[in-house]
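Just below is one structure, and these are the notes that go with it.
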Amino acid sequence: MGKRRNKKKQQQKIIRSVITLCLVLLIGLLSFLLKPWETPDDPNPNDGTPSSTTSGQQGNQKPNVGNKTESDLSDLQVHYIDVGQADSILVRVPTEDGTKNILIDAGAPLNESSKDKITTEYLSDQGIDTLHYMIITHPHFDHASAAEEVIEAFHVENIILPECDPRDTNKAFWRGMLEAMDAKNLEYIPSVIGDIYQIGEASFEILGPVDTSNVKDVNDYSIVIRLDYGETSFLFTGDAEEASEEAMLRVHPVSKFKCDVLKVGHHGSDSSTSEAFLAAANPTLAIIQCGEGNDYGHPKKLILDRLENAGVSVLRTDYEGTIIICSDKEAVFRLTTSK
Ligand SMILES: [Zn+2]
């Protein structure tokens, strides 16, 4: 009887041990499957969207602009066209009379000997036949050399050019642009600081250059533009260097530079985007237009670090191709369907 009781006790002990072991294994298995110690998936995976951009890791990062896969022309659109190591930006403004188009710089063929017509093809693909404004920021090949073919291919209503020393504009591509204008009886509007152009509910103001009488670097002729649409604003800087930035900061209230999106000056060169200018602009997003593996080493690490330390997200055309940023008057967002 006693032996049988002992045997029964032993059996119960074994059963309890087996049950405990099973429970431990079950808990272990569930823990492994649910991975409760892991943080949730990154809501902004590294997929080439603004969330994957070079941005502040210093705890002062600003919220990224949102992404949308659709935008109709009821939004203002800014297309930072991938023209390699060059600048060309298309702004499409919704108005009661349809979409109005502004082209800031015409870019260049991908190499000087090629006949690529990147900008004209891009504008045609957008269904554009009229540019209501074309602004050529300064007489450098990478901004102005495709201007001639743009004028020939499209109906251009107004052209704004910087006032430059003729010695700085004595270049074949600039003369070609002026000849194309002559052929269409087009006169240019000289850029004047403080001039404001209204297009529907959008407006752009010329902030620079402040003084072109003593320009030492052709880049400092660059027309600098602030575009406002509702609560949102964009800053376009051409290749303006620190000397021009300083001059603008001296004559304008700092609020004139505050923007959501900054086109980084001079393709991210370390001679532009000074600490003071960046602090005044205080953008959420910076766009760098530059060519893949360009000879200049643009953008420079100093500028990328400066943007990162300021918590600014960065998008680059050499990584992303053409970048389209839209505004619905209240906020800017990136359109991610087009490249
Ligand atoms: Zn340039």
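Here, each number is a calculation from the coordinates, and none is a lab measurement. Keep in mind it's a predicted model, so treat the numbers as computed, not measured. Cβ sites come from the backbone with ideal geometry, for glycine too, and all protein chains shown count toward neighbours.
For the reader, a short list of remarks on this structure follows.
- Burial ordering of 103, 207, 335, fewest other beta-carbon atoms within 10 Å first: 335, 207, 103
- The amide H of residue 208, built 1.01 Å from its N in the peptide plane, has 224 as neighbours under 5 Å, considering only residues 5 or more places off or on other chains.
- Karplus-derived 3J(HN,Hα) values for region 133-144, using 6.51 cos²θ - 1.76 cosθ + 1.60 with θ = phi - 60°, are 9, 10, 10, 9, 5, 6, x, 10, 3, 6, 10, 10 Hz; glycine and proline are entered as x.
- Region 50-335 - Kirkwood radius from inverse mean 1/r over Cα pairs (Å): 18.7
- Distance in nm between pseudo-label sites at residue 62 and residue 279 (7 Å out along the Cβ direction from Cα): 1.6
- Dipole-positive endmost among 83, 137, 277 within region 50-335 (Cβ charges, Cα centre): 277
- Residues of region 141-172 with amide N under 19 Å of the 7 Å Cα→Cβ point at residue 95: 154-161
- Table column - 3J(HN,Hα) (Hz), region 207-216, Karplus curve with 6.51, -1.76, 1.60, x for Gly and Pro: 9, x, x, 6, 8, 9, 6, 9, 6, 9
- Using the Cβ-Cβ distance between residue 203 and residue 69 with R0 set to 30 Å, the FRET efficiency works out to roughly 0.55.
- Taking 72, 217 and counting other C-beta atoms within 10 Å, the order from fewest to most: 72, 217
- Pairs from 258/329; 62/301; 216/263 whose Cα-Cα separation, in the structure shown, is over 18 Å: 62/301; 216/263
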